[in-house]
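**Q** Take a look at this one; I'll ask things after.
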Amino acid sequence: MKGKIIEIKSDLNTAIKNIIKTLVQKKLFDAVFVPVRIPSRESFAYLLIKDKEILESITPLPPTMPVQGARALKDLTRLGKLNLRILCIMRPCEIRAAVELAKLRQITLQNLTFFSFDCPGVFPTAEYIKSPEKYDQNIIEKIKAWQEDGLRPNCSICVNFSHYNTPADLHIGFYRNHLLIYPVSKNSQKILDILSYRAEDDLTEWENSINTLLKKKKENRSRKFSLLSNQTKGIENLEEFFTGCINCHNCMRVCPICYCRQCFFESPEQSHHEAEEYLARAKEKGGIRFPPERMVFHLGRMNHMALSCVGCGSCEDGCPMDVPVGQIFSFIGNEVQKMFDYLPGKNLEEPIPLLTFKEDELHEYEDTREKK
Amino acid sequence: MKALKLSQSPDNAIGSLLKYLFEQNKISAAFVLCKNNSRDYFYGLITDKNLLEKITPTTPIMPSSAGKMLSKLTMLEPLTSPIAVVLRPCEMRAFYELIKLEQARPDNILFISFTCKGVISIKESKDGFEEKIEAYQKNPATELTLPGLRQCCQICENFVPENADIILPLIEKNDLNNTTFLIKTEKAEDFVQGFEAETVEEELNDTEISKIKEKRARKKAEVFANITPDKLGMKGLIDIFGRCLNCHACGRACPICYCNLCYFDSADSEVGPKAYEAETETKGAYRLPANTIFYHIGRMIHISLSCIGCGMCTDVCPVSIPVGTIFTRVAESAQEVFKYIPGRNIEEKIPILTFKINEFEEIGEE
Amino acid sequence: MEQTFNPRIIGFLCNWCSYAGADLAGVSRLQMPPSIIPIRVMCSSRVDPLFILTALLRGSDAVLVAGCHPGDCHYQYGNYHTRRRIVLFNKIFETLGLETDRVRLAWVSASEGGRYRDVVTQFTEHIKEKGPNPLKKEIFL
Ligand code: SF4
Ligand code: SF4
Ligand code: SF4
Ligand code: SF4
Ligand code: SF4
Ligand code: SF4
Ligand code: FES
């Protein structure tokens, strides 16, 4: 058996909720970490839920991602594991970010089981908040048609939206009006065994639909990346690219990977200078911006975390000025990750390239004396 | 008081004055709002007078609080040579609060400010900014429903920069072709000496000012009527702050929140797995990111006495929570208790940093 | 079966006066409800308003801050600062429509064992009447 399938009778969220409820009833888990609509209804927050009644109100597949799940999970587990077996329902990019954070020792993975799903992408949070009803309706249509207009720009170029490359335990796939539960990790089989849905060996239809979509997204991605590569060549283009940026650092604050309590770019070393020094710097060019060092911040942040950037686009979502910061981070991330053949969050065992090295590597970047 | 009149637009007139000050070596730099292109506004510390062509001091936008920026400039040591600063009244009041908090120094600064019609929120500047500016300029200051105007500006009654050295009475006149500089202090007189302009006697137009104040006070009453204690309560607070991402962008943009490492980002404020387990058990569920309401009330405790109602916090909030409106409301009632007006007088202590022996005597004794 | 509600009140007691006062009440075997969870602080001014906020938002039923009478603070002016902080705290709570009577500031000297008992008894009664802190069950904080 390759997986189990269910026909979706009501809506997707209810179908997924039923699976979760079953797993909790069968005492496989003590608590569930999952998005829930907030009381005022125009957005979502993650809840760690124990109470079965509250479990009724979950939205496992919200049309928007106000907080990157890994960031929320970091809040919960940074100081250590909980003595609860927790089922986490998260999008693939959230799970990959969580794994990166685990490598950075900001998340404790013990006692966590990850459930991912074929991610249709999310709508920009600011847009969603303005008219939730519109998007609530829309998301179902979108999933059916796998359309990407109006999604977060990063979502329409995301090529890791399904089960591969994301170390979830179980994955939920969608095709036609079916929901497929697909075991990813070794120990997920026993969870699957407990669910009494129809076993299925032939996954061709699902795989085909994923592959068609993947092809489309790959095309989008290379088109976008070649555009970006032109837009960001040289400091002038870069300055132009970040036009409008007010240097507020929101992008860093909402990014799941940027975990530092005190970002280097807000530290005293970096931001407290004597007036004379500011004036001297201003004199060199005739003037300087305040807040200073907009470029240092963005390029510096890239240096810190681009290898771990999962391309989720949360940064862009949190930017009050709509700077396409998620796209450029995704693009640069992709470039540097290629160098090390590294895919952030894919495999817990694989160290972040900057935290390790090989003696015999990267010689093409060395300026050795005996270079021909 | 003495006033100087120029038949130029306010931005050009300020430019001429700064140019003169540069040429006479009266200032070594100017700190003023600049524009790179139609989308890129920022505060610039300018030392080269040729760059004055980039300045746009009266464009209604506040990409960051000048008060906060000036504190970056002057925190470690006072300026040793004079600079001219053009900023809005609330930014100047924020700067004064930061001085009291020992985060800034006022030395060697010539303050130029103007009666302020408010700014367009930065999010609203992203599209149709030109048209919004046009509507803003055309309409009198008593018109509060201008497209994109910050809510905090619509209800701000402290739009006269009492402490500035030079004041431009902009909003009483709404004249784009003529500009007046009111020379308020002796310091300012020294600076403008020799600057070519028509010298007249003029005062701030109190009748116009109180008309605008009245209009804004009424608007404020209207806005605050929706956030009265009985409409808030924890339920009301959760309705307002429910979608908060706990990103703390509001605090980072707030001129008063100066801490390098905010308490709410520090390890002190973090609770461990045991506490999470316990709370999940009692409540049945636990919200993440945690402590959003805690953050907001905590920040109110920290800064509400100094909050100058600028609305920077609302502007940067990625999920458009009206943070500034709530903070302004709380600030007003907190400041009222101590009869304190932030940023008014540099000598006046922030109430929480001082006390009187004979006050609130009923508390603690019953 | 009806459960009786026994409030849990965090009591910040200043080392020099109120903690000694509480101790005296204990040694003198004065009867009072066992509702206070005492936390000894060197001075009432050590009580950061955020301590009070934390206690209330995380579900304790009330907070008592007790220190030396004005003029008697062992650090001279500490309690005057405390007083302003509590005033500010209450004002913020009041403006936000939150309950202000779950926080109480009381001056209790080292010799006032009886006063300590009275303060604790009255405050506990008051909180009993009010019922448990509703925030205890609030998820979306
Ligand atoms: S930089 Fe942006 S796209 Fe990359 S992980 Fe952070 S938030 Fe996501
Ligand atoms: S940019 Fe660097 S220092 Fe700042 S939060 Fe990210 S990783 Fe940390
Ligand atoms: S890119 Fe956006 S979020 Fe990041 S610093 Fe600039 S304006 Fe702020
Ligand atoms: S809290 Fe908001 S309105 Fe008040 S000073 Fe800070 S940024 Fe301005
Ligand atoms: S909320 Fe408090 S600790 Fe945080 S920056 Fe503001 S004043 Fe500092
Ligand atoms: S900026 Fe908005 S989302 Fe972020 S902490 Fe403040 S209120 Fe919450
Ligand atoms: S020492 Fe008791 S209140 Fe200060």
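**Q** Which residue, of C:Val41, C:Val47, is within 14 Å of ligand 7 (Cβ to nearest atom) and out of contact with any Leu (no Cβ under 8 Å at 6 or more places or on another chain)? Lay out the reasoning, then the answer.
**A** On the way: C:Val41 fails: out of contact with any Leu (no Cβ under 8 Å at 6 or more places or on another chain).
Within the list C:Val41, C:Val47, the selection yields C:Val47.
**Q** Sort out which residues of the range C:131-141 are within 10 Å of chain B (Cβ to nearest Cβ), open to solvent by less than 60 Å² (accessible area, probe 1.4 Å) and in contact with a Ser or Thr (Cβ under 9 Å, 6 or more places away or on another chain), and write them in order of number.
**A** Start the filter on the range C:131-141 by keeping residues that are within 10 Å of chain B (Cβ to nearest Cβ), which leaves C:134-141.
Next, only the ones that are open to solvent by less than 60 Å² (accessible area, probe 1.4 Å) stay: C:135-136, C:138-141.
Across the range C:131-141, the qualifying residues are C:Lys136, C:Phe140, C:Leu141.
**Q** So B:Asn226 ticks every box in (1) polar (S, T, N, Q); (2) more than 16 Å from ligand 6 (Cβ to nearest atom); (3) at the interface with another protein chain (Cβ under 7 Å from one of its Cβ atoms) but one. Which box is left unticked?
**A** Answer for B:Asn226: the failing condition is (3).
**Q** If B:Pro318 satisfies every condition in (1) in a helix (DSSP H, G or I); (2) within 30 Å of A:Phe123 (Cβ to Cβ); (3) away from ligand 5 (no atom under 11 Å from the Cβ) but one, which is the exception?
**A** Just one mismatch for B:Pro318, condition (1).
**Q** Sticking with this structure for a sec: Grab the helices (runs of 4 or more DSSP H) fully contained in the range C:13-130, keeping just those with 1 or more residues being away from ligand 4 (no atom under 16 Å from the Cβ), open to solvent by 10 Å² or more (accessible area, probe 1.4 Å) and under 30 Å from B:Glu281 (Cα atoms). Can you show your working first?
**A** Working: elements: C:18-27, C:49-57, C:78-95, C:113-130.
Answer list for the range C:13-130: C:49-57, C:78-95, C:113-130.
**Q** State yes or no: is B:Gly251 more than 16 Å from ligand 7 (Cβ to nearest atom) and more than 21 Å from C:Leu57 (Cβ to Cβ)?
**A** Working: more than 16 Å from ligand 7 (Cβ to nearest atom): yes; more than 21 Å from C:Leu57 (Cβ to Cβ): no.
For B:Gly251, the condition - more than 16 Å from ligand 7 (Cβ to nearest atom) and more than 21 Å from C:Leu57 (Cβ to Cβ) - is not met.
**Q** If you go through the range A:291-313 one residue at a time, do you hit one that is away from ligand 5 (no atom under 16 Å from the Cβ), touching a Cys at 6+ places or on another chain (Cβ under 7 Å) and either at positive phi or among the polar types (S, T, N, Q) (or both)?
**A** yes
**Q** Select from the range B:189-203 the residues that are outside any helix (DSSP H, G or I) and more than 26 Å from the chain's Cα centre (by Cα) and list them in ascending order.
**A** Of the range B:189-203, the ones outside any helix (DSSP H, G or I) are B:193-203.
Correct list: B:Gln193, B:Gly194, B:Phe195, B:Glu196, B:Ala197, B:Glu198, B:Thr199, B:Val200, B:Glu201, B:Glu202.
**Q** Out of the residues in the range A:277-297 that are assigned to a helix (DSSP H, G or I) and facing another protein chain (nearest Cβ under 7 Å), which is surrounded by the most Cβ atoms within 10 Å (Cβ to Cβ)? Please lay out each step first, then the result.
**A** Here is the first cut: in the range A:277-297, the residues assigned to a helix (DSSP H, G or I) are A:277-285, A:294-297.
Of the ones still in play, those that are also facing another protein chain (nearest Cβ under 7 Å) are A:278-279, A:282-283.
Working: A:Tyr278: 21, A:Leu279: 20, A:Ala282: 26, A:Lys283: 15.
The extreme case among them is A:Ala282.
**Q** Going residue by residue through the range B:338-347, is there one that turns out to be out of contact with any Asp or Glu (no Cβ under 9 Å at 6 or more places or on another chain), over 21 Å from C:Arg104 (Cα atoms) and buried (at least 23 other Cβ atoms within 10 Å of the Cβ)?
**A** Checked against the condition, which is being out of contact with any Asp or Glu (no Cβ under 9 Å at 6 or more places or on another chain), over 21 Å from C:Arg104 (Cα atoms) and buried (at least 23 other Cβ atoms within 10 Å of the Cβ), the range B:338-347 yields no hits at all.
Residue-wise test of (1) over 18 Å from C:Thr95 (Cα atoms); (2) more than 8 Å from every other protein chain (Cβ to nearest Cβ); (3) within 16 Å of ligand 1 (Cβ to nearest atom).
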| residue | (1), (2), (3) |
| --- | --- |
| B:Asp315 | yes, no, no |
| B:Pro318 | yes, no, yes |
| B:Ile321 | yes, yes, no |
| B:Val337 | no, no, no |
| B:Ile346 | yes, yes, no |
| B:Lys349 | yes, yes, no |
| B:Asn358 | yes, yes, no |
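**Q** Name the residues in the range C:52-97 that are closer than 22 Å to C:Thr124 by Cβ, at the interface with another protein chain (Cβ under 9 Å from one of its Cβ atoms) and among the charged types (D, E, K, R), would you?
**A** C:Arg58
**Q** Assuming A:Ser196 fulfils every condition listed in (1) in a loop (DSSP other than H, G, I, E, B); (2) outside the structural domain of A:Ser308 (by TED's automatic domain parsing); (3) surrounded by 12 or more Cβ atoms within 10 Å (Cβ to Cβ); (4) not charged (D, E, K, R) apart from one, which condition is it?
**A** (3)
**Q** Let me ask something else. Of the residues B:Leu305, B:Leu245, B:Leu261, which is within 14 Å of chain A (Cβ to nearest Cβ), among the hydrophobic types (A, V, I, L, M, F, W, C) and buried (at least 21 other Cβ atoms within 10 Å of the Cβ)? Give the derivation first.
**A** Values: B:Leu305 fails: within 14 Å of chain A (Cβ to nearest Cβ); B:Leu261 fails: buried (at least 21 other Cβ atoms within 10 Å of the Cβ).
Among B:Leu305, B:Leu245, B:Leu261, only B:Leu245 is within 14 Å of chain A (Cβ to nearest Cβ), among the hydrophobic types (A, V, I, L, M, F, W, C) and buried (at least 21 other Cβ atoms within 10 Å of the Cβ).
The values are calculated or read from the model by the stated rules, or taken from the named source; none is laboratory data. Keep in mind the model is a prediction, meaning the values are calculated, not measured. Cβ coordinates were reconstructed from backbone atoms using ideal geometry, including for glycine residues, and neighbour counts include every protein chain displayed. Please note that ligands, DNA and RNA were not included when accessible areas were found on the heavy atoms of the full protein model with its side chains. Shrake-Rupley method; radii C 1.70, N 1.55, O 1.52, S 1.80 Å.
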